[in-house]
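The values are calculated or read from the model by the stated rules, or taken from the named source; none is laboratory data. Everything numeric here is computed off the predicted structure, so don't read it as measured data. Reconstructed Cβ throughout: ideal geometry from the backbone, glycine too, with neighbour counts over all protein chains shown.
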Amino acid sequence: MPKGVYVKTEEHKRKLSEKLKGRKPWNTDKKLSEEHKRKISRTVLKRKQKLGYINSPEARKKMSELAKVRTGENASNWKGDDVKNVTAIHRRILKLKPKNDRCDICNKVADKKGKTKLELSNIKNHRYTLNPDDYQWVHISCHRKYDKTYLNFKKELM
Ligand SMILES: [Zn+2]
């Protein structure tokens with residue numbers, strides 16, 4: 001490299017660095033007004049909310065309310081159909097819908113085979129609902145028949 005160019009470069013570098021040292025950061029002289037600061041902090045907060053870092057006060061309120069509701073039988077997974085929940089629903093319906101001595105389908109105490117045992121049957125698409133009106137006390141045999149009719153009916157529709 002020719003000498004001159006090298007010197008020039010060094011000098012240039014020094015000058016530039018001095019210039020930079022003397023320079024104040026861009027925002028030193030610009031004192032932010034309180035209002036401006038508030039605006040910035042609000043913008044930052046909003047951005048964070050958008051990105052999901054912080055929940056808005058409304059969302060937080062909703063969440064805390066949900067947490068309160070989400071206890072016991074109102075828990076979101078309560079209506080799920082795992083065995084535990086089905087048992088729990090059954091128990092609850094049993095309480096609300098005392099066992100009949102007559103079958104809700106054939107309206108008799110005993111079925112054709114003389115069996116009197118009734119079982120709780122869900123008549124709403126076999127979904128485990130919490131409404132006692134969705135259930136009926138029926139003979140096992142009547143239940144099977146009912147299911148068959150229901151399934152055939154469904155097949156016809158499809
Ligand atoms: Zn029956």
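Mind counting the residues in the stretch 116-134 that are at pLDDT 90 or above and either part of a helix (DSSP H, G or I) or farther than 25 Å from Asn85 by Cα (or both)?
Matching residues across the stretch 116-134 total 1.
I'd like the full set of residues that are loosely packed, with under 10 Cβ neighbours inside 10 Å and modelled with pLDDT of 70 or more, limited to the stretch 21-49.
Those that are loosely packed, with under 10 Cβ neighbours inside 10 Å and modelled with pLDDT of 70 or more: Lys21, Ser33, Glu34, Glu35.
So which residues in the stretch 135-145 are more than 9 Å from the ligand (Cβ to nearest atom) and not in a strand (DSSP E or B), if there are any at all?
Arg144 - this is the single residue of the stretch 135-145 that is more than 9 Å from the ligand (Cβ to nearest atom) and not in a strand (DSSP E or B).
Identify, please: which residue in the stretch 127-147 is aromatic (Phe, Trp, Tyr) and more than 17 Å from Lys115 (Cα to Cα) and is, among those, surrounded by the fewest Cβ atoms within 10 Å (Cβ to Cβ)? Let's see the steps before the verdict.
Residues of the stretch 127-147 that are aromatic (Phe, Trp, Tyr), as a first pass: 128, 135, 137, 146.
Next, from what is left, pick out any that are more than 17 Å from Lys115 (Cα to Cα): 128, 135.
On the way: Tyr128: 18, Tyr135: 21.
Once the filter is applied, the top-ranked residue is Tyr128.
Scan the stretch 92-134 residue by residue and report those that are within 12 Å of the ligand (Cβ to nearest atom) and of a type in the set (Asp, Glu).
Asp101, Asp104, Asp111, Glu119, listed by residue number.
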